[in-house]
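The values are calculated or read from the model by the stated rules, or taken from the named source; none is laboratory data. A quick note: this is a predicted structure, and the numbers were derived from the prediction, not measured. Heads up, the Cβs are rebuilt from the backbone with ideal geometry, glycines too, and the neighbour counts pull from every protein chain shown. Just the protein is used for accessible areas: all its heavy atoms, side chains included, with ligands, DNA and RNA removed. Shrake-Rupley method; radii C 1.70, N 1.55, O 1.52, S 1.80 Å.
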Amino acid sequence: MSPRSPRGTEKPRAGAGGGPPAVDMRVTIPSRSGGAALTMRNPVMTASGTFGSGREYADFVDLSRLGAIVTKGVSAEPWLGGPSPRIAETPSGMLNAIGLQNPGVERFCESDLPWLAGQDVPVVVNVAGHTAEECASVARRLEREDAVDAVELNISCPNVDAGGMAFGTSCDAASEVTAAVRGATGKVLIVKLSPNVTDIAEVARAVVDAGADAVSLVNTLLGMAIDVDTMRPKLARVVGGLSGPAVKPVAVRMVWQVAEAVDVPVIGMGGIRDARDAVEFMLAGASAVAVGTASFTDPSTAERVVDGLEDFCHSRGVARVAELTGSMRTDAS
Ligand SMILES: Cc1cc2nc3c(=O)[nH]c(=O)nc-3n(C[C@H](O)[C@H](O)[C@H](O)COP(=O)(O)O)c2cc1C
């Protein structure tokens with residue numbers, strides 16, 4: 001039997017020793033264009049760029065326990081990334097200006113993908129490009145790969161000069177690049193939104209109208225830090241993307257706004273460190289969540305979030321984790 005075949009198809013485990021029935025942790029992101037859905041064992045994904053292609057974490061994490069692995073951004077040609085220093089620590093978070101360093105889609109398909117295909121976990125490939133056509137060409141190449149379950153289009157990277165965040169901060173550009181990638185892939189298409197906008201719901205509506213099956217948010221918030229002793233910026237690019245707990249309240253607010261505005265699943269991320277953080281995103285309207293920066297300090301974070309989510313549901317008598325989605329109470333009771 002192929003190690004990939006049982007992915008996401010298990011029935012929920014029966015309660016041990018006659019205990020309460022197990023929580024159904026499964027989450028599905030349907031395809032609106034008739035393709036295969038993204039079916040996950042649980043709602044916990046890894047955030048792009050913070051988990052490599054999974055291989056770097058395989059000694060520390062049982063990858064098959066995750067909902068899905070989202071790879072680092074992949075472009076048509078190899079990208080070198082930005083100059084050093086590319087990382088700076090800030091209170092409650094970090095700044096990065098990696099600049100989407102990656103080996104290009106061909107090399108990714110040759111070296112990372114075959115390994116990922118053997119890991120018994122759904123694979124989502126994060127796609128980047130300087131132009132809409134470049135993004136579409138990556139999606140077209142990935143279309144030939146059965147090991148790819150979904151494409152996440154990054155229209156929100158603050159660390160590249162062309163493409164990246166420029167796509168995600170204009171409804172027209174966001175719509176154009178989404179439509180181009182939609183035309184290139186029948187796989188589930190997730191579009192990753194930028195928080196560096198005035199009205200994120202408006203951009204979400206634009207990409208859903210252009211064919212996105214789901215949206216993910218947030219990418220990093222544009223930030224900056226200066227070393228007062230050297231009087232120099234802490235990042236060589238001067239500005240970079242802020243992530244970690246510092247961004248969580250902004251991210252939860254945006255997930256809530258977007259979930260109210262669109263009819264497709266929302267994947268929430270930004271500062272998730274434990275199951276309670278994940279529950280917060282789900283109550284705000286997220287169908288799934290992703291763990292990013294926290295994996296750098298504790299590689300087992302995503303696994304802990306899976307266990308903690310299940311425990312949370314158990315303790316509250318929630319039979320299906322999906323019931324948490326959008327269940328925030330705003331009444332007086
Ligand atoms: C070092 C680093 C690299 C990242 N690279 C990507 C990337 O390639 N593509 C992408 O869509 N998001 C990328 N992100 C954004 C994360 O996936 C995530 O959206 C963001 O960090 C917020 O989540 P967090 O606070 O849990 O890290 C990167 C973030 C970090 C910290």
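Results, tabulated for the structure shown:
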{"quantity": "Whole-number accessible area per residue in Å² for the stretch 22-132, which is evaluated in the context of all protein chains at 1.4 Å", "calculated": "38"}
{"quantity": "Most mobile of Gly164, Gly183, Gly244 in a GNM of the chain (Cα contacts under 10 Å)", "calculated": "Gly183"}
{"quantity": "Size-normalised alpha-carbon gyration radius of the stretch 245-290, reference 2.2 N^0.38 Å", "calculated": "1.00"}
{"quantity": "For the chain, diffusion coefficient by Stokes-Einstein and Kirkwood Rh (Cα), 37 °C, 0.692 mPa s, µm²/s", "calculated": "166"}
{"quantity": "The chain, accessible surface, carbon-and-sulfur percent (1.4 angstrom probe)", "calculated": "51"}
{"quantity": "Equivalent ellipsoid semi-axes - Cα gyration tensor, the stretch 138-223, angstrom", "calculated": "21, 13, 11"}
{"quantity": "Relative contact order computed over the chain (Cα-Cα under 8 Å; 6+ residues apart), in percent", "calculated": "19"}
{"quantity": "Relative contact order (%) - the stretch 152-277, alpha-carbon pairs under 8 angstrom, separation at least six", "calculated": "24"}
{"quantity": "Extent along principal axes [Cα atoms of the stretch 42-100; Å; largest to smallest]", "calculated": "35, 35, 21"}
{"quantity": "Interchain or long-range residues, amide H under 5 Å from Glu77's placed H", "calculated": "Val105"}
{"quantity": "Where only alpha carbons of the stretch 252-333 are counted, the Rg and the Dmax (Å)", "calculated": "12.7, 40"}
{"quantity": "Share, in percent, of DSSP beta bridges within the chain that are antiparallel, nearest 5", "calculated": "40"}
{"quantity": "Candidates Ile200, Ile190, Ile87, ranked by Gaussian network fluctuation over the chain, Cα under 10 Å, top entry", "calculated": "Ile87"}
{"quantity": "Theoretical ellipticity at 222 nm over the chain - DSSP helices of four or more residues, -39500 (n - 2.57) apiece, nearest 500", "calculated": "-7500 deg cm²/dmol"}
{"quantity": "Viscosity 1.306 mPa s, 10 °C: Kirkwood-radius Stokes-Einstein D of the stretch 174-267 over Cα pairs, µm²/s", "calculated": "109"}
{"quantity": "Packing rank of 226-238, 305-317, where each peptide gets the mean count of other beta carbons within 10 Å, highest leading", "calculated": "305-317, 226-238"}
{"quantity": "Ratio of Rg to Rh over the stretch 62-127 (Cα coordinates, Kirkwood Rh, two decimals)", "calculated": "1.06"}
{"quantity": "Centroid-to-centroid separation of the stretch 226-265 and the stretch 86-152 [C-alpha atoms, Å]", "calculated": "20"}
{"quantity": "Length gained when the stretch Glu143-Ser92 is fully extended (0.36 nm per residue, less Cα-Cα span)", "calculated": "14.5 nm"}
